[in-house]
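None of the figures in this text is laboratory data; all of them are computed from the coordinates on show. Keep in mind the model is a prediction, meaning the values are calculated, not measured. Here the Cβ positions follow ideal geometry from the backbone for every residue, glycine too, while neighbour counts run over all protein chains shown.
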Amino acid sequence: MVFTDYVFVNLTSAVCCFLFLLFLFITYFTKKNMNNIENTIYRHMLIANILSLLLYVLSYSAFIYFASTVPIAIILSKTAAIFLALWVLLVAFYVLVITFECNEKIYGFIVKNKIKFLIVIYFILIVVSFLTYIQDIPFNFRTGIEYESFICIGVVLYFSFITLTILVIVRRKKIAKKKLLPMYLIIIISVLAILFSVFNVDIVLMYIMMTLINQMMYHTIENPDMKLVNELTLAKETAEKANHAKSDFLASMSHELKTPLNSIIGLADFMESSNDLNEIHADLKDISSSSRKLLELVDGILTVNTLESSDIQISNVNYDLRPLLDDINSSMLLRIGDKPLQLNIKYSDDLPTLYGDKSKIKTIISHLVSNAIKYTDEGVVELSIDGIIVKDKCNLRITVTDTGKGIRDEDINNIFEKFYRSSEDKDSDISGTGLGLAITKSLIDLMEGKITVNSTVGFGTTFTVTLSQGVATNNTEIL
């Protein structure tokens, strides 16, 4: 049988695409790849694409060179069309995965049930295969069997294309940037291939389009090299950020330490030359206040060092919240000083004697209330504690609410980092080291609890801590 220009172009392009994909297949499978859902889908896509191309070339060649075996060519061509349908379904599945990658709940469900999704895809393929094999379609000399002639194949192709297009457009803001561009290109290439096939039905662009899409996706799939580069970049950014934070911390520390020390030394010198008992009494009060502030700074630094060295341990005892809260109330009233600020402490009368780390609970509450007082000039700071008892456990909930200046959205994700101080703090007269909330978060994590923040700038902030504590037994002394 004599070659025509269309036959030569179609067969040659299919062979070239097959050889290119074979090289891509070997490259992909000889490298170590991440064991994730994207790679799982991509592996199936590569295999489906190569088999479809191979069968298309064989069917076309059989028809050209052995005209008497047209039935064989048709069977091979139908099988190629089925693998093409599989490839399109897998592309749609891949787009579904990356569009919901940022949604932890949906993405987790897809990953957990990926085998079930694949089973559904292959079940659809079985139905498509049956309908394809029973349909009588003539073999076109120039193009082979036209896939659009298969009703079921056409439904799969266009339904999948419409679905992935809608997903990409609707969820475009949620797709990672490095994956969004290839998705746009897939849509554009598909549209161009469809339009080209309408105006020039004798040229087959389907396999060129598939090859291009596979090549583009290869560069967006996570692999160990890309992951290592990303991890190194992230580690570098984290290290630079930590180094910058520590530099700010040291600069702040020199001021925070000098201020109470200078105050203590100055007042002590003044007391030496003073005979007024009232003045001496006032100076002693100021010295005591500066000393407590200095002790708090040193204690914070030592606590952070202990947490980082993993030397801190949980020391559980039976304890009553009421005297603990009385101690916190006394110390926090001193911190309020002359501020027009009211401290309210509420706790449920149903709370039993608890079993847990009393000192760490006190530290957590103290830091949260102290932080609320620091950022609230007037109004109310409220500490509320309640709990739900389930058998021998008490799910303790600690809530600290203030009417202070609030926290900006861009700062909320950083407030639990060591040494972090917002730009507003640096520009204001608010003192601090940026350790209080970092220590609080570390202690809560150590005790397997959880802390959440809700804040409105100008109206205040609410910190909510949930911790599981034991219900005390009667054979242990209450501290």
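Using R₀ = 41 Å, calculate the FRET efficiency as 1/(1 + (r/R₀)^6) where r is the Cβ-Cβ separation of Leu232 and Gln135; round to 0.05.
In this case the efficiency is close to 0.15.
Please enumerate, by chain and number, the lysines with C-alpha under 23 Å from the C-alpha of Lys116, excluding those fewer than 8 residues away in the same chain.
Once the sequence-local lysines are set aside, what remains near Lys116 is Lys105.
So if we plug the beta-carbon distance of Leu277 and Asp350 into 1/(1 + (r/R0)^6) with R0 = 45 Å, what FRET efficiency do we get, rounded to 0.05?
After rounding to 0.05, the efficiency reads 0.35.
With θ taken as phi - 60° and the coefficients 6.51, -1.76 and 1.60, list the Karplus ³J(HN,Hα) couplings across segment 173-182 in order, rounded to whole Hz; mark glycine and proline as x.
With coefficients 6.51, -1.76 and 1.60, one gets 6, 9, 8, 4, 4, 5, 9, 6, 4, x Hz.
Can you tell me the order of 353-365, 321-333 when each peptide is scored by its average per-residue count of other Cβ atoms within 10 angstrom, highest first?
Descending packing order for the listed peptides: 353-365, 321-333.
Would you mind putting 76-86, 457-467 in packing order, based on average other-beta-carbon counts within 10 Å, highest first?
Packing proxy ranking, top to bottom: 76-86, 457-467.
List the pairs from Lys31/Lys178; Lys78/Lys114; Lys358/Lys405 whose alpha-carbon separation is above 24 Å, in the order I gave them.
With Cα atoms farther than 24 Å apart: Lys78/Lys114; Lys358/Lys405.
Sequence-distant or interchain residues sharing an amide H contact under 5 Å with Asp357, placed H: which?
Val317
Val317 label point, 7 Å along Cα→Cβ, cut-off 19 Å on backbone N: hits in segment 432-461?
Backbone N within reach: 447.
Using R₀ = 45 Å, calculate the FRET efficiency as 1/(1 + (r/R₀)^6) where r is the Cβ-Cβ separation of Phe459 and Tyr122; round to 0.05.
0.25
What distance in nm separates the two pseudo spin-label positions at Val380 and Phe270, each 7 Å out from Cα along the beta-carbon direction?
3.7 nm
In nm, what is the difference between 0.36 nm times the number of residues separating Arg397 and Asp326 and their Cα-Cα distance?
23.8 nm
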